[in-house]
Structure formats: C-alpha cells, structure tokens
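Written below as structure tokens is the structure these notes are about.
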Amino acid sequence: MSTLVTCPSGLAGRVRGLRVKEEQILTDRQLAKSGGQIDALLAACWEETTDPGPYGLDGKPDWGKVLIADRFVALVMIRIATYGPTYAFDLPCERCGERIEWELELDQLPVRELPVESRSAFLAGNRFRARLPEAGRDVWFRLLVGGDERKLPQLRQANRDKVLSASLAHRVLEIDGVAEKDRRVFLEDLALGDVRALLDEIERVDGGIETSIDIQCPSCQAVQAVDLPFQGTFLLPTGKRSAGSSRR
C-alpha cells in the first residue's frame, strides 16, 4: 500500500508501507546506534517526489538535508501506509500508577505547516533570530535537519550532565556580543526564562506534528498531558490491542 504525503515545508510525494525486507533496517542495532536507521527507512519507502518543496531536488530527497519536521511526518505516513492509522500504546498513570492503554488515529494529529517566512529563511541559509529578554541579546539559530538528528544520540551521550546546553549550542549560530569560543559558557549560564523564550521561538518558526495529547486513566479518572510515546515498536508489527483499550 502506498499513500501521498505532504510535509510541513511543502515537500510532497508518495510513500509505501514497510516490507519484510526492511526488517534488517528495523533490527540493525549498529544502524540505530549510528542514527542512520531513519534515513535508511525513509530512503527505502519514499517512492516518488511530486513537489520538491524548498529542497530543489530532482528525484528522491537527500534525507540528511531534510528538516526534521518533514522527516517525522514522512515517517508517520510510512507507519500509516504499513499498519493503518490506529496507534496503540500504554503508559503509567501519574496519579495511581496503573497502566493506561490508549489508542488514537495518527492521521487525525494536527500538522503545522512551515510558515512562509520560515521557508524563506531556510532557503536563505537556515538562519533565524530570537530575542533573549533577560539577557537583552539577540541570538541566531537554525532549524535541525536529518544530519543533525544522526548526531544527537552521540551528543547526548557525551554530555549526559549538560544535555540542554549542549543541544542549544548545537543549533545556536551566533549570540550578539558573545565570541564563538565563549558561546557554550554563555548558554550554560543562561536564565531558564531565556531558554523558554528561545525554545518558544524555535517552535513558532518550525513545522511538525502536534504530539502533545491529554489522556484519562480509566482507574482513577485523572487526566494527564503527555507527549505521544513513539516507542521502539512504533514501526514493528505488534498484536492487536484488547477491546478494553481507551481511545482519544
């Protein structure tokens, strides 16, 4: 089965579902560790490009240069083409600790388009500006692409006690009045209010799928907001959820 996909940036094409021959990609631990698993799956399942979006490509995309938001939407559509839109998962209730079994329809998740001005900025060099209100400085950052996604696991592994500052340093291009050699120290001393302002601006200029949902525990009726858990089995075949599962 194949399906059409339109990514947040305007990149569009046709993807097919996973086949048995992709099992090696899904189970290759070395490929997963290197961050190349998603690239391999996207390359295998992207059949045709109908609109190159901002990438100016001829044929299949170079997934290492494609925005992470586009990659994620394409991956979700591959999952839908493989198993259908229903996605079942479970997680513990924050109040009572009972396991919550939940189902939702992936094709009903809202998709935010990449704003027109963001597409222009991406084409002009992938450079965006934000204001740090407490520091009183401007900062320039970039939207992450597939090549960055491959580096993130190693980045987090190497900076276990400073993941936030390392992640910010990876995407920040320039800070007004701060030399490049001093950038990491500046970010480590950044007020959390400024971090929030920067992250809010990054989210505002980016596209993607809205993965924050509210779920309700059937045992204690508590409602909790969660980020949709894309577990290791997201692309692997699993048994059907029992009839007692809750639905969004």
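The values are calculated or read from the model by the stated rules, or taken from the named source; none is laboratory data. Note that this is a predicted model, so its numbers are computed, not measured. Cβ: placed from backbone, ideal geometry, glycine included. Neighbour counts: every protein chain shown.
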- Query: Restricting the stretch 186-209 to residues that are in a helix (DSSP H, G or I) and of a type in the set (Gly, Ala, Ser), which is surrounded by the most Cβ atoms within 10 Å (Cβ to Cβ)?
  - Reply: Ala197
- Hey, Pro54 hits all of (1) touching a helix residue (DSSP H, G or I) at 6+ places or on another chain (Cβ under 7 Å); (2) free of Cβ contacts under 8 Å to residues at least 24 places away in the same chain but one; which does it fall short on? (2)
- Of (1) within 30 Å of Ala40 (Cα to Cα); (2) exposed (fewer than 12 other Cβ atoms within 10 Å of the Cβ); (3) at pLDDT below 95, Ser242 satisfies every one except (1)
- Message: Give me the helices (runs of 4 or more DSSP H) completely within the stretch 1-113, filtered to those with at least 1 residues that are touching a Phe, Trp or Tyr at 6+ places or on another chain (Cβ under 9 Å) and closer than 30 Å to Gln216 by Cα, ordered by residue number.
- Response: 68-83
- Does Asp138 satisfy the criteria of being among the acidic types (Asp, Glu), surrounded by 14 or more Cβ atoms within 10 Å (Cβ to Cβ) and either in contact with a Leu (Cβ under 6 Å, 6 or more places away or on another chain) or touching a residue at least 12 places away in the same chain (Cβ under 8 Å) (or both)? no
- Would you mind stating whether Tyr83 is within 22 Å of Val226 (Cβ to Cβ), in contact with a helix residue (DSSP H, G or I) (Cβ under 6 Å, 6 or more places away or on another chain), surrounded by 16 or more Cβ atoms within 10 Å (Cβ to Cβ) and not hydrophobic (A, V, I, L, M, F, W, C)? no
- Answer yes if at least one residue in the stretch 216-229 is assigned to a loop (DSSP other than H, G, I, E, B) and modelled with pLDDT under 90, and no otherwise. yes
- Query: What's the number of the condition Met1 fails, among (1) out of contact with any Lys or Arg (no Cβ under 9 Å at 6 or more places or on another chain); (2) farther than 27 Å from Ala124 by Cβ; (3) among the aliphatic types (A, V, I, L, M)?
  - Reply: (1)
- Query: Among the residues of the stretch 150-166, is there at least one that is crowded, with 18+ Cβ neighbours inside 10 Å and polar (S, T, N, Q)?
  - Reply: yes
- Task: Select from the stretch 170-194 the residues that are of a type in the set (A, V, I, L, M), farther than 15 Å from Asp138 by Cβ and within 23 Å of the chain's Cα centre (by Cα) and list them in ascending order.
- Result: Leu192
- Task: Only residues that are within 15 Å of Thr233 (Cβ to Cβ) and either surrounded by 15 or more Cβ atoms within 10 Å (Cβ to Cβ) or β-branched (Val, Ile, Thr) (or both): list them for the stretch 92-116, please.
- Result: Glu101, Trp102, Leu106
